[in-house]
Amino acid sequence: MTKKENFLKGFFKENPIFVFLLGMCPALAVTTTFETSLGMGLLVVFVLTSSNIVVSLVKKWIPHDVRTPSYIVIIATFVTVVKMLTEAYAIDLYDALGVFLPLIVVNCLILGRAEAFASKNKVIDSAIDGLGMGLGFTLGLVFIGILREFLATGGIMFGVYLPIGEAPITLVSLDMIINLFNANFHISDYGIKVFTLAPGAFIALGIILAVFQFKKSRVDRKLAIAKMEMIAEKKRIALEKKKLAALKLAKAGGK
Amino acid sequence: MSFTIFATAIISAMLINNVILSQFLGICPFLGVSKKSSAAIGMSAAVLFVMVISSAVTYTLYDLVLYQYGIPYISTIAFILVIASLVQFVEMFIKKTSKSLYKSLGIYLPLITTNCAILGVSEGNITNIWTETMPYWEGLFIAVSTAVGTGLGFGLIIFAFSSIREKLDASNVPAAWKGVPISLVVAGIMSLAFLGLAGII
């Protein structure tokens with residue numbers, strides 16, 4: 001596997017959320033808005049990359065029987081670092097993530113990568129793997145977050161939780177189009193509010209997974225049809241060859 | 001008076017703030033183990049058992065050790081270590097004392113270490129219940145009551161969901177929705193129902 005493939009595999013082919021269903025708790029809990037998902041994703045990228053690096057550095061000295069507790073301690077250390085940094089520099093994000101910030105420790109994705117990849121590979125490969133997988137996880141979270149926030153409020157806000165600028169900015173909003181015709185209209189009054197609540201999280205993720213499964217079944221069906229056509233073609237060619245041979249035999253017999 | 005606290009904590013943790021449907025903790029076993037009713041019962045019994053012990057131990061640890069010595073910021077590391085070793089200890093203890101209990105709970109115990117419900121309840125006890133002026137025994141009582149309620153809520157949902165899922169497997173679901181997507185939508189509808197319980201207390 002080249003380094004580029006190693007980096008890119010986490011995005012679509014082995015996406016932790018949509019393909020492996022890892023880390024579902026944060027995928028449902030913190031994806032209320034685009035920004036909380038982005039913040040959570042970036043924290044996971046940091047923890048995953050650093051824990052992968054450290055695990056692959058110390059893998060020789062960890063006895064096989066106690067490897068899981070040791071990995072958990074390494075991960076918990078980085079989570080504590082991240083927790084303190086977030087509390088210091090992005091207190092709004094810290095409040096919004098709540099208990100799910102310390103719960104990065106038990107995110108199956110991080111322990112899974114430490115166990116499956118970092119404990120067997122070199123430092124640089126592990127770092128690339130952690131970065132790629134973490135960004136893939138972020139991509140999944142952000143995708144769900146955008147869908148939920150857009151359905152709930154009709155727009156995407158930026159700058160509410162992350163310490164970016166002074167005032168929050170609206171990145172996209174249906175108001176921009178509607179206000180051309182009617183200035184007193186606010187789309188956020190007409191959003192589907194259930195998508196900010198708990199049931200909306202389950203339903204949104206269910207819809208997204210169903211869409212992925214639908215696309216996958218389409219691709220599988222196309223592949224199956226192509227395979228069947230190929231087999232039929234081969235059978236036809238073989239049959240023609242047989243016929244030709246039989247014809248030749250008949251001619252030879254006739255002489 | 002103490003019974004009122006106990007009942008309030010249990011009802012609010014079990015029904016109103018249900019651990020799976022409104023706090024999103026323990027989704028992995030919820031989706032993974034809930035294919036069969038028997039497995040769901042075993043898993044939820046193991047979770048209830050470990051959750052009660054671990055929240056008592058972590059609350060004690062935080063109040064009497066970490067806070068007393070001014071190191072509350074390492075709570076995450078301390079809690080996960082306590083939970084991991086506690087699960088190992090409970091497994092060994094059950095194996096020695098009761099073979100039948102080990103047979104029914106044994107295979108679920110190793111999975112519990114990475115179950116976020118356990119650590120989530122321990123952390124939640126500290127943020128929601130623990131205060132500097134709270135007497136130790138009272139806080140411990142509320143923490144354990146909350147853990148019992150949370151464990152019961154986990155068991156209730158995972159058992160109900162496994163029964164639904166056994167029906168779902170037999171029913172004719174469109175190919176794109178088969179498996180996890182339809183389960184998530186069903187969970188969403190259950191969560192919608194549980195949303196109606198908000199405001200009992």
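The values are calculated or read from the model by the stated rules, or taken from the named source; none is laboratory data. All figures in this text were calculated on a predicted structure; none of them were measured in a lab. For neighbour counting, all protein chains shown are included, and Cβ atoms are generated from backbone atoms with ideal geometry for every residue, glycine included.
Considering only the range A:182-201, state which residues are in a helix (DSSP H, G or I), modelled with pLDDT under 85 and surrounded by 13 or more Cβ atoms within 10 Å (Cβ to Cβ).
Listed by number, the residues that qualify are A:Ile187, A:Ser188.
Scan the range B:71-90 for residues that are more than 14 Å from A:Pro69 (Cβ to Cβ) and assigned to a helix (DSSP H, G or I) and jot them down.
Step one: list which residues in the range B:71-90 are more than 14 Å from A:Pro69 (Cβ to Cβ), which gives B:71-76, B:90.
B:Pro72, B:Tyr73, B:Ile74, B:Ser75, B:Thr76, B:Val90 - these are the residues of the range B:71-90 that are more than 14 Å from A:Pro69 (Cβ to Cβ) and assigned to a helix (DSSP H, G or I).
Do we find a residue being modelled with pLDDT under 90, part of a helix (DSSP H, G or I) and within 13 Å of chain A (Cβ to nearest Cβ) anywhere in the range B:32-42?
yes
Taking helices (runs of 4 or more DSSP H) that do not extend beyond the range A:28-115, which have at least 3 residues that are within 25 Å of B:Ala187 (Cα to Cα)? Outline the logic, then answer.
Values: elements: A:34-58, A:67-89, A:91-97, A:108-113.
The qualifying helices (runs of 4 or more DSSP H) are A:34-58.
Please determine, by comparing only the residues of the range B:16-31 that are outside any loop (DSSP other than H, G, I, E, B) and buried (at least 24 other Cβ atoms within 10 Å of the Cβ), which one is nearest to the other protein chains (Cβ to nearest Cβ).
Restricting attention to the range B:16-31, the residues satisfying the condition of being outside any loop (DSSP other than H, G, I, E, B) are B:16, B:27-31.
Right, trim to buried (at least 24 other Cβ atoms within 10 Å of the Cβ) and you get B:27, B:29-30.
Values: B:Ile27: 4, B:Pro29: 10, B:Phe30: 8 Å.
Among residues in the range B:16-31 that are outside any loop (DSSP other than H, G, I, E, B) and buried (at least 24 other Cβ atoms within 10 Å of the Cβ), the one nearest to the other protein chains (Cβ to nearest Cβ) is B:Ile27.
Across the range A:36-66, what is the number of residues that are more than 12 Å from chain B (Cβ to nearest Cβ) and either over 16 Å from the mean Cα position of the chain (by Cα) or over 26 Å from A:Phe202 (Cβ atoms) (or both)? Outline the logic, then answer.
So the first thing to find is which residues in the range A:36-66 are more than 12 Å from chain B (Cβ to nearest Cβ), and the list is A:36-46, A:48-64.
So of that shortlist, the ones also either over 16 Å from the mean Cα position of the chain (by Cα) or over 26 Å from A:Phe202 (Cβ atoms) (or both) come out as A:46, A:49-64.
Total meeting the criteria: 17.
Identify all residues within the range B:45-64 that are more than 14 Å from chain A (Cβ to nearest Cβ) and closer than 19 Å to B:Asn128 by Cα; write none if there are none.
First, pick out the residues of the range B:45-64 that are more than 14 Å from chain A (Cβ to nearest Cβ): B:45-46, B:48-49, B:52-53, B:56-57, B:59-61, B:63-64.
Across the range B:45-64, the qualifying residues are B:Val52, B:Ile53, B:Ala56, B:Val57, B:Tyr59, B:Thr60, B:Leu61, B:Asp63, B:Leu64.
Quick one: in the range B:66-122, which of the residues that are over 18 Å from B:Gly26 (Cβ atoms) and among the aromatic types (Phe, Trp, Tyr) is nearest to the other protein chains (Cβ to nearest Cβ)?
B:Tyr73
Which residue out of B:Ala160, B:Ala143, B:Ala176, B:Ala147 is hydrophobic (A, V, I, L, M, F, W, C), in a helix (DSSP H, G or I) and within 14 Å of chain A (Cβ to nearest Cβ)?
Working: B:Ala160 fails: within 14 Å of chain A (Cβ to nearest Cβ); B:Ala143 fails: within 14 Å of chain A (Cβ to nearest Cβ); B:Ala147 fails: within 14 Å of chain A (Cβ to nearest Cβ).
Going through B:Ala160, B:Ala143, B:Ala176, B:Ala147 in turn, just one is hydrophobic (A, V, I, L, M, F, W, C), in a helix (DSSP H, G or I) and within 14 Å of chain A (Cβ to nearest Cβ): B:Ala176.
Quick one: in the range A:70-97, which of the residues that are facing chain B (nearest Cβ under 8 Å) and crowded, with 16+ Cβ neighbours inside 10 Å is nearest to the chain's Cα centre (by Cα)? Working first, answer last.
Quick first cut of the range A:70-97, residues facing chain B (nearest Cβ under 8 Å) only: A:72-73, A:76-77, A:79-80, A:83-84.
Adding the requirement that they be crowded, with 16+ Cβ neighbours inside 10 Å leaves A:72, A:76-77, A:79-80, A:83.
Working: A:Ile72: 22, A:Ala76: 22, A:Thr77: 24, A:Val79: 20, A:Thr80: 24, A:Lys83: 22 Å.
Per the stated criteria, the residue is A:Val79.
Between A:Phe202, A:Phe158, A:Phe212, which is among the hydrophobic types (A, V, I, L, M, F, W, C), within 13 Å of chain B (Cβ to nearest Cβ), touching a residue at least 24 places away in the same chain (Cβ under 8 Å) and touching a Leu at 6+ places or on another chain (Cβ under 9 Å)?
Values: A:Phe158 fails: within 13 Å of chain B (Cβ to nearest Cβ); A:Phe212 fails: touching a Leu at 6+ places or on another chain (Cβ under 9 Å).
None of the other options fit; the residue is A:Phe202.
Note down all Cβ pairs under 6 Å where the first residue falls in the range B:1-25 and is closer than 13 Å to B:Leu192 by Cα, the second is of a type in the set (Phe, Trp, Tyr), and they're at least six residues apart or on different chains.
Cβ pairs passing all conditions: B:Asn18/B:Phe194; B:Ile20/B:Phe30; B:Leu21/B:Phe194.
Among the residues of the range A:168-181, write down those that are over 20 Å from A:Tyr94 (Cβ atoms) and part of a loop (DSSP other than H, G, I, E, B).
So in the range A:168-181, the residues over 20 Å from A:Tyr94 (Cβ atoms) come out as A:169-181.
Correct list: A:Leu174, A:Asn179, A:Leu180, A:Phe181.
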